[in-house]
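Take a look at the structure below.
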Amino acid sequence: MNVLFVSAEMAPFAKTGGLGDVASSLPRALRAKGIDARVVIPLYGPVQARYGDDLRHLFTYQFSRRSGTADVHVHTLEQDGVPVYFLESWPFFSGGEYIYTDLNWDRERFVFFSQAAMALAWELGLGRDGGEGWFPDVLHAHDWHTGLVPFLLHEARHAPEWQDVASVLTIHNMGYQGWEAGGYLWAAGVPGRHEPNLVYLDKTDNLLGIGIAYADKLNTVSPRHAVELHDRRFGEGLEGLIRARDADFSGILNGLDMQHFDPAADPVINHCYDATNFRAGRVQNKRALQNALGLEQDDNLPVIGIVSRLVDQKGFDFAIPGLRLILAETGAQLVALGAGDPDLETHLRTLEWDFNWKARVMIGYNPALSMRIYAGADLVLVPSRYEPCGLTQLMAMRYGALPVVRETGGLADTVENYDGGPADRGTGFTFLWEEDQAVRGTLRWAIDTFRGRRAAFERMQERAMRLDWSWDKPAQQYVAMYEQALAARRK
Ligand code: ADP
Ligand code: GLC
């Protein structure tokens, strides 16, 4: 079975969050199951600058749309055995810009990318890469950026070559939809979207909504979030469409690349360790982290870590006031890494300004530092308002930092709350209310456990480190979904 991932992100080339991780690790897991999975992403300027020497120009094709004809240059490389195609085309993906810019330009860019990715599949099918011809059985779209792909496929099916090709859409984040894209769709020559639910619910110009209406099968990235998306609170205006597609919709929990994210072999952390020797090994990483950031080196001070995009979704607006109380009331240290909304960045920074002897806030995107935080912090705070899956808490647990999370979506599916006693159960600490006092109380509880019940804390660390988040099972669920999508087409 041939599967083409059409995605805006793929780690390590282009990543702002978990979508990048999934688009790189899931295809690899699928290939291990005999699926010929490949990925197409845009060639962003910084990616060309950084990886240009590794890329091989494959071929160039012309792509015509209402506004004219574009040359699309296809470059390629293999990433851990996965063929990746990078599309370069002026003015959308050529030169300086990275993944996301402003919404106006992004809608236009990703409408183009979705069209160009379909055209790529066609060109690959003709054997333009010099090979025998590779044509997808399944097009797998991700989030609003490529939500148009299932519709483009629907339209392409008037040609017999496309008739049996199936589409799958994965919703990683409902908070971003590619709203009001009608003008861009018209300009790009995309025909009207007449699927009845889409029309009745007035979403024909919503790129993610279009994907939901037209994909043969669709999923989100945890079972809990699949339930949540039926509700207005999480559906963000698309809950009606989700309900209409209920029979074809499921939740598949994300996996983690267990080889890549492995504290026993991670080259960027200071001291490697595993679930048998983490007590001695983690403390080395904690000291190195404290030392590197100019914090007091004391093994008994709990270190609270944060690694996050700083956007409304992540809940830091209500968490920061709770953290502020914790920093005032306890000896805990804070090590935070994040970037995003300038107001939230400033808000977080004030913690460093006010508690500069015990708090460090790094604004930016820094994969190596993120791993050092997972390896050296005692706790990792993830207070999300909503979280489709969340990889941060999985990485934290894998590295033995206990997550403190709001009980929603994938956080609820993956973090088991401390039992309050000897830790016969538990891999972290959970709370429900989106309030500073909930954050304060739960962090307090976690800190008290770290201080007063170290044996229970360590039992949870060991349990968390031994959990298996490998892609094996979820990849199997994706294969089943592809098969169902293909069966539905061939009926
Ligand atoms: P989301 O995709 O919503 O951002 P996830 O928890 O699924 O949330 O994935 C976040 C990923 O991005 C994790 O791999 C996390 O370590 C990484 N990440 C987030 N912010 C940063 C940052 N500032 N620097 C480095 N890595 C980051
Ligand atoms: C999104 C979600 C996150 C999820 C990631 C990968 O960015 O916010 O919860 O883990 O996609 O699926």
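The values are calculated or read from the model by the stated rules, or taken from the named source; none is laboratory data. This structure is a prediction, so every number in the text was calculated from the model and none was measured. So basically every Cβ, Gly included, is an ideal-geometry build from the backbone, and we count neighbours across all protein chains shown. SASA here: full protein model, heavy atoms, side chains in, ligands and nucleic acids out. Shrake-Rupley method; radii C 1.70, N 1.55, O 1.52, S 1.80 Å.
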(request) Kindly indicate which of Tyr51, Tyr61 is at pLDDT 95 or above, open to solvent by less than 10 Å² (accessible area, probe 1.4 Å) and not basic (Lys, Arg). (result) Tyr61
(message) Pairs needed: first member in region 13-41, without any contact (Cβ under 8 Å) to a residue 40 or more places away in the chain and within 16 Å of ligand 1 (Cβ to nearest atom); second member anywhere, open to solvent by 10 Å² or more (accessible area, probe 1.4 Å) and not charged (D, E, K, R); C-beta distance under 7 Å; at least 6 residues apart or different chains.
(response) Gly20/Ala11
(request) Return yes or no: is Glu236 among the acidic types (Asp, Glu) and farther than 21 Å from Thr414 by Cα? (result) yes
(request) Please give the number of the condition Arg385 fails out of (1) open to solvent by 30 Å² or more (accessible area, probe 1.4 Å); (2) under 16 Å from Pro302 (Cα atoms); (3) under 17 Å from the mean Cα position of the chain (by Cα). (result) (2)
(request) Could you tell me which numbered condition His260 fails, if it satisfies all but one of (1) open to solvent by 30 Å² or more (accessible area, probe 1.4 Å); (2) within 30 Å of Ala396 (Cβ to Cβ); (3) modelled with pLDDT of 95 or more? (result) (3)
(request) Read through the list (1) open to solvent by 50 Å² or more (accessible area, probe 1.4 Å); (2) closer than 27 Å to Pro367 by Cβ, then give the number of the only condition that Arg459 fails. (result) (2)
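Here is a check on your reading of the model: is Ile320 touching a Ser or Thr at 6+ places or on another chain (Cβ under 9 Å), away from ligand 2 (no atom under 16 Å from the Cβ) and part of a helix (DSSP H, G or I)? Break it down into steps so the answer makes sense when it comes.
Working: touching a Ser or Thr at 6+ places or on another chain (Cβ under 9 Å): yes; away from ligand 2 (no atom under 16 Å from the Cβ): yes; part of a helix (DSSP H, G or I): yes.
So Ile320 fits the description; yes.
If you go through region 35-54 one residue at a time, how many are within 16 Å of Asp80 (Cβ to Cβ) and outside any helix (DSSP H, G or I)? Write out each step before concluding.
Narrowing region 35-54 to residues within 16 Å of Asp80 (Cβ to Cβ): 35-39, 41, 51, 54.
Right, trim to outside any helix (DSSP H, G or I) and you get 35-39, 41.
The qualifying residues number 6.
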(message) of a type in the set (D, E, K, R), at pLDDT 95 or above, touching a Ser or Thr at 6+ places or on another chain (Cβ under 6 Å) and more than 26 Å from Pro150 (Cβ to Cβ): is that true of Arg463 in this structure?
(response) yes
(message) I'm trying to understand the selection: among the residues of region 256-313, which are acidic (Asp, Glu) and under 23 Å from His347 (Cα atoms)?
(response) Asp312
(message) Need the failing condition index for Arg232 against (1) surrounded by fewer than 16 Cβ atoms within 10 Å (Cβ to Cβ); (2) closer than 30 Å to Ala332 by Cα; (3) free of Cβ contacts under 8 Å to residues at least 40 places away in the same chain, just the number.
(response) (2)
(request) List the helices (runs of 4 or more DSSP H) that sit entirely inside region 229-309 and contain at least 2 residues that are within 16 Å of ligand 2 (Cβ to nearest atom) and out of contact with any Leu (no Cβ under 8 Å at 6 or more places or on another chain). (result) 232-235
(message) Out of everything in region 11-28 that is away from ligand 2 (no atom under 12 Å from the Cβ) and outside any helix (DSSP H, G or I), what residue ends up being most open to solvent (accessible area, probe 1.4 Å)?
(response) Pro12
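When you go through Arg287, Arg282, Arg245 one by one, which is the residue that is assigned by TED's automatic domain parsing to the domain that holds Ala23 and of a type in the set (D, E, K, R)?
Working: Arg287 fails: assigned by TED's automatic domain parsing to the domain that holds Ala23; Arg282 fails: assigned by TED's automatic domain parsing to the domain that holds Ala23.
So the residue among Arg287, Arg282, Arg245 that is assigned by TED's automatic domain parsing to the domain that holds Ala23 and of a type in the set (D, E, K, R) is Arg245.
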(message) Name the single residue that is most open to solvent (accessible area, probe 1.4 Å) among those in region 391-440 being in contact with a strand residue (DSSP E or B) (Cβ under 9 Å, 6 or more places away or on another chain) and free of Cβ contacts under 8 Å to residues at least 24 places away in the same chain.
(response) Trp433
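Out of Arg66, Arg38, Arg31, I need the residue that is open to solvent by 10 Å² or more (accessible area, probe 1.4 Å) and either modelled with pLDDT under 95 or touching an Asp or Glu at 6+ places or on another chain (Cβ under 7 Å) (or both). Which one?
Numbers: Arg38 fails: either modelled with pLDDT under 95 or touching an Asp or Glu at 6+ places or on another chain (Cβ under 7 Å) (or both); Arg31 fails: either modelled with pLDDT under 95 or touching an Asp or Glu at 6+ places or on another chain (Cβ under 7 Å) (or both).
One residue alone meets the criteria, Arg66.
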(request) Working carefully through the options Gln297, Gln333, find the one that is surrounded by 23 or more Cβ atoms within 10 Å (Cβ to Cβ) and in the same structural domain as Val283 (by TED's automatic domain parsing). (result) Gln333
